[in-house]
Amino acid sequence: IDGSNLLNVSGSGGSGGSTTAASHQFSVKLSADQDITTSGFEKILWNSELIDVSSAFDSTTNNRFVAPDSGLYMIGFNVCFHNAHYDTVRIETALYKNGTILHKVMAQNLGQTVSNVGASEFIHHTATFSNIINLNAGDYLEVFIEAHDASTSAAEPHVVGGNNAHASVFYGYK
C-alpha cells in the first residue's frame with residue numbers, strides 16, 4: 001500500500017451482507033423478590049432496568065417490552081423461583097405476546113422434601129427460555145408465572161429478585 005489507497009468501512013461485508021450492531025437491547029430484573037399467588041398465571045413485575053437502549057421496556061407501568069420496529073428479536077428469560085415449604089410440585093412460566101401465550105416453560109420439583117433437603121433451606125426451581133421471535137412494531141412481550149400444588153400457608157412462594165446471584169432476568173435484542 002502506497003498510502004494513497006484508503007479503506008472505506010461502509011457497514012457491508014464482502015458478500016453484500018450487513019454488519020450492523022443490535023439496535024434494540026434490553027435486560028431487566030426484579031428489584032426484590034416477588035411473592036406469587038397459587039391460582040392462575042401472574043405477571044412478573046420486572047421493575048429494574050439493567051439495559052434499555054431504545055427505552056422500549058416499560059418498567060414502571062406495564063412491566064413489558066414493546067417492539068420499536070418490526071423484525072426478528074432474540075428474546076429470553078431466566079426465572080428462579082423458590083419456596084420454603086417444599087410442596088410446590090412445579091412452576092410454569094409463559095411468554096405472552098400481545099396478551100396471548102406464545103411459549104411455556106416448566107420447572108419441576110424432582111422429589112426434594114423437608115426430610116431430604118433440610119428445614120432451613122429453600123427448594124429452587126429455574127425456568128429458562130430463549131428463542132428468535134418475529135415481532136411487528138408495537139407488539140409487546142410479558143412474562144408470567146404459575147405455581148402448582150403450592151402451599152396454602154402465609155408464606156407464599158416467590159420469584160427471586162434483588163441482588164441475589166440467582167436473580168431472575170428478562171432480556172432481548174434485535
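Computed from the coordinates by the stated procedures, all read-outs in this text should not be read as laboratory data. Because the structure is a prediction, the values reported are computed rather than measured. For neighbour counting, all protein chains shown are included, and Cβ atoms are generated from backbone atoms with ideal geometry for every residue, glycine included.
Distances between placed amide hydrogens fall under 5 Å for Ile44 paired with Val143, Phe144, Ile145, all partners being 5 or more residues away or on another chain.
Of the peptides 59-66, 27-34, 140-147, 40-47, the order by per-residue mean of other Cβ atoms within 10 Å, starting with the highest, comes out as 140-147, 27-34, 40-47, 59-66. Partners of Lys43 within straight-line reach, counting lysines whose Cα lies under 16 Å from its Cα and excluding those fewer than 8 residues away in the same chain: Lys29, Lys97, Lys104.
Backbone phi angles across region 90-103, fed through the Karplus curve with coefficients 6.51, -1.76 and 1.60 (θ = phi - 60°), yield HN-Hα couplings of 7, 10, 10, 10, 9, 8, 9, 10, 6, x, 10, 4, 9, 9 Hz in residue order; Gly and Pro are listed as x.
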